[in-house]
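> Pasting a structure below so you can have a look.
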Number of protein chains: 2
Amino acid sequence: MIFQYKYLLKITKEIFKACGTPEPEAGIVADVLVSSNLMGLDSHGVIRIPQYVRMVQKGDIIPDSPLSILKETPNTAIVDGGWNFGPVSGIRGMEVAIEKAKANSIGCVTVRNCNHAGRLGAYPQLAAEENLIGMAVCSSFGGGHYVCPWGGREGRLATNPIAFAVPTEGNPILIDVSTSVVSEGKIRVMRDGGKELPEGWVLDANGKPSTNPKDFYGPPMGVILPLGGKQGYKGYAFSMIVEILGTVLLNEGYEHDEVQARGNGLWLMALDITAFISHEQFKSRINEMVTYLKSSKTAHGFDEVTIPGEIDFRLMARRKEEGVPMEDETWRQIEEVANELGVRP
Amino acid sequence: MIFQYKYLLKITKEIFKACGTPEPEAGIVADVLVSSNLMGLDSHGVIRIPQYVRMVQKGDIIPDSPLSILKETPNTAIVDGGWNFGPVSGIRGMEVAIEKAKANSIGCVTVRNCNHAGRLGAYPQLAAEENLIGMAVCSSFGGGHYVCPWGGREGRLATNPIAFAVPTEGNPILIDVSTSVVSEGKIRVMRDGGKELPEGWVLDANGKPSTNPKDFYGPPMGVILPLGGKQGYKGYAFSMIVEILGTVLLNEGYEHDEVQARGNGLWLMALDITAFISHEQFKSRINEMVTYLKSSKTAHGFDEVTIPGEIDFRLMARRKEEGVPMEDETWRQIEEVANELGVRP
């Protein structure tokens, strides 16, 4: 099935309003979810609607919970997301960082009590749209520890992504990558499709490399490897930056009750470019960098050199024009939730 | 040959003093070089002495050049390294960031006109020793562009390392990794030893994977791949964070005369932990994280899970005790320079 993105925005917003979410927050959640679909990150898109609605009904998401600031300085803040929707906590947290960066060159914010944050790139992207440099990392304490430490064979880390965005004369350069080889979701898709995994993705429960998705799911469960293959100690190192900023600096640990275990830990930063050079100089130098990178001849099997975010924004433009494709089953589940809430899809 | 590290510190300092370096700067350079040897990063250690001395003699390094601040806010500074030794510019730049972080929660500094910065981890390590979180990235504009962009087959990026350090109850956690698969230096060693390269390190000049070091050196020259193998777009993305902060934000471009082309671009950050949680809480949570990571059973072929920096500090302790090993040829070249300068080794 194919949907106009404006329709998806509207229906998503209405569904969340119908389960008690105030207007602006419902709009934020709809924006973050639908932008994921537009960029081809369907696993972080509207497929999450049923999950989020169930979490609201269970009380795990508190859709009218205010964001509060637990501690702040002119440059820093500890933001309490109050278990609102993850995207609401993330966007509001980045708004605090942006405000501080505009007033005092840099804003650096940790977000506690934050539900599933969704597409991490959405937060630095917001900073880039305000002509700032944006950075974000996201850890998961308690849940989703599918990734082993380098040299280990038991899950101790989440996929721990790092995101980064800067303004250009066009769309931002947008980096949003995990520090593991692959996400658990991709392995699930390969398993369900009866496919072998590429080498170097997972170890079985005994710590031996495997290409069989069943060796990952067990039981007993295997692990996903950190990014980097034989240089996986580098992916592990990047993952630890995320873990320290996203978990340790939030004063979170590794023994949790059920509530804490569902949390994402966010560390967000916004940096004022003009503390260093003018916006014009920056954008002109970015142009120069992009031209230089793209001037490289292509490798065997490639037909262009792209800049991070370029393919995502290209797909976004196409999907805004041609519509967003969706699996029938995904839409069936969204429709079911909508009907339950008396929203006419 | 084996040398006591205190002797190496002394002789290094004397050599640089003998070629016109003031006392404290000579000490900084000696510290950064010898600490590299102690940690096993011999390619960034005293082997650099002859190169640095020749650069002083040629006027490329200006050993009594003062560091100046071109622009600053309470949280940021553009530091002009004045083409002093790279380690002097790096340490002095981080000292500015540390001062700002202590006074105003965060300090963020770019360092321009900076020679070869050496071991990047030395700079965030300084922040960690002051109980702060330290971060550093290092780009090279003009020179050393051995790494291709994802999908490309021509060198457009340096190995672009990222370093990060935090205080613990013992040695800092110290991350210092490049965003490419490997450094050019390691390929040189394999070539000189007549060895095949592992798969996934380089492409030949036609953009095809090769395991022959000669295909990398050409001519025509091949390229080193970004970190990540089939997920090399992730290493490329991390490299671009370094490129944007280390080159673009310094208002540097890609067409250089000889002077500019030798430069490293540094972006340094120090963050006050107590803006978020107390030092005691932080160190206790770090302990908890380390215990949790190390509690993972080991994978096939490993006998322990280590934390970034752990092996380096372990080697440092051993080399402080047992001495620093050095190739005869390396020492011969250092001795030659020392004799020339009238320093008695």
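> Exactly one of (1) at pLDDT 95 or above; (2) farther than 26 Å from residue A:227 by Cβ is unmet by residue B:224. Its number?
Here residue B:224 clears every test but (2).
> Kindly evaluate residue A:66 against the criterion of being in a loop (DSSP other than H, G, I, E, B) and either at pLDDT below 95 or touching a strand residue (DSSP E or B) at 6+ places or on another chain (Cβ under 7 Å) (or both).
yes
> Still on this structure: Might you let me know whether the stretch B:48-69 holds any residue that is within 14 Å of chain A (Cβ to nearest Cβ) and without any contact (Cβ under 8 Å) to a residue 60 or more places away in the chain?
Scanning the stretch B:48-69, I find at least one residue that is within 14 Å of chain A (Cβ to nearest Cβ) and without any contact (Cβ under 8 Å) to a residue 60 or more places away in the chain, so the answer is yes.
> Quick one: how many residues across the stretch B:206-233 are at the interface with chain A (Cβ under 9 Å from one of its Cβ atoms) and either surrounded by fewer than 18 Cβ atoms within 10 Å (Cβ to Cβ) or not hydrophobic (A, V, I, L, M, F, W, C) (or both)?
Result for the stretch B:206-233: 9.
> Which pairs do you get when a residue that is among the acidic types (Asp, Glu), found in the stretch A:82-110, comes within reach of a residue that is not in a helix (DSSP H, G or I), reach meaning Cβ atoms under 8 angstrom, with the pair 6+ apart or on two chains?
As it stands, the answer is A:99/A:107, since those pairs meet every condition given.
> Mind checking whether some residue in the stretch B:254-266 is closer than 30 Å to residue A:110 by Cβ and within 27 Å of the chain's Cα centre (by Cα)?
Scanning the stretch B:254-266, I find at least one residue that is closer than 30 Å to residue A:110 by Cβ and within 27 Å of the chain's Cα centre (by Cα), so the answer is yes.
> Related question: Would you be able to tell me the number of residues in the stretch B:71-109 that are among the charged types (D, E, K, R) and touching a Pro at 6+ places or on another chain (Cβ under 8 Å)?
So the answer is 1.
> Would you check which residues across the stretch A:152-195 are in a loop (DSSP other than H, G, I, E, B) and hydrophobic (A, V, I, L, M, F, W, C) and list them?
A:158, A:181, A:182
> Shifting gears a bit: Could you please give the count of residues in the stretch B:284-303 that are assigned to a helix (DSSP H, G or I) and among the small types (Gly, Ala, Ser)?
1
> So how many residues does the stretch B:18-30 have that are without any contact (Cβ under 8 Å) to a residue 40 or more places away in the chain and surrounded by 16 or more Cβ atoms within 10 Å (Cβ to Cβ)?
3
> So, one more: Kindly list the number of the only condition in (1) of a type in the set (Gly, Ala, Ser); (2) surrounded by 16 or more Cβ atoms within 10 Å (Cβ to Cβ); (3) touching a residue at least 24 places away in the same chain (Cβ under 8 Å) that fails for residue A:296.
The one condition residue A:296 does not meet is (3).
> From the set of residues in the stretch A:217-234 that are part of a helix (DSSP H, G or I) and out of contact with any Phe, Trp or Tyr (no Cβ under 8 Å at 6 or more places or on another chain), which is nearest to residue B:164 (Cα to Cα)?
A:234
> May I pose another question? For residues in the stretch B:118-145 being in contact with a Phe, Trp or Tyr (Cβ under 8 Å, 6 or more places away or on another chain) and part of a loop (DSSP other than H, G, I, E, B), which is surrounded by the most Cβ atoms within 10 Å (Cβ to Cβ)?
Going through the qualifying residues, I end up with B:141.
> Something else about it: Tell me, which residue of the stretch B:273-290 that is more than 8 Å from chain A (Cβ to nearest Cβ) and under 28 Å from the mean Cα position of the chain (by Cα) is surrounded by the fewest Cβ atoms within 10 Å (Cβ to Cβ)?
B:279
> Which residue is nearest to the chain's Cα centre (by Cα), if the candidates are limited to the stretch B:304-332 and must be more than 8 Å from every other protein chain (Cβ to nearest Cβ) and part of a loop (DSSP other than H, G, I, E, B)?
B:309
> Does residue B:168 satisfy being crowded, with 17+ Cβ neighbours inside 10 Å, closer than 30 Å to residue B:317 by Cβ, in contact with a Ser or Thr (Cβ under 6 Å, 6 or more places away or on another chain) and β-branched (Val, Ile, Thr)?
No: the conditions fail for residue B:168.
> Identify, by number, the condition in (1) buried (at least 18 other Cβ atoms within 10 Å of the Cβ); (2) within 25 Å of residue A:179 (Cα to Cα); (3) in contact with a Phe, Trp or Tyr (Cβ under 9 Å, 6 or more places away or on another chain); (4) at the interface with another protein chain (Cβ under 10 Å from one of its Cβ atoms) that residue A:200 doesn't meet.
Looking at each condition in turn, residue A:200 falls short on (3).
> Scan the stretch A:235-249 and report the pairs whose first residue is among the hydrophobic types (A, V, I, L, M, F, W, C) and whose second residue is part of a helix (DSSP H, G or I), with Cβ atoms within less than 6 Å and a gap of 6+ or a chain change.
A:248/B:285; A:248/B:286; A:248/B:289
> Please find, within the stretch B:114-168, the residue that is nearest to the other protein chains (Cβ to nearest Cβ) out of those that are free of Cβ contacts under 8 Å to residues at least 40 places away in the same chain and in contact with a helix residue (DSSP H, G or I) (Cβ under 6 Å, 6 or more places away or on another chain).
The selected residue is B:156.
> Of all residues in the stretch A:99-118, which are aliphatic (A, V, I, L, M) and farther than 23 Å from residue A:263 by Cβ?
A:101, A:103, A:106
> Looking at A:40, A:90, A:27, can you tell me which residue is under 18 Å from residue A:118 (Cα atoms) and in contact with a strand residue (DSSP E or B) (Cβ under 9 Å, 6 or more places away or on another chain)?
Result of the check over A:40, A:90, A:27: A:90.
The values are calculated or read from the model by the stated rules, or taken from the named source; none is laboratory data. The structure displayed is predicted, hence computed values, not measured ones. So basically every Cβ, Gly included, is an ideal-geometry build from the backbone, and we count neighbours across all protein chains shown.
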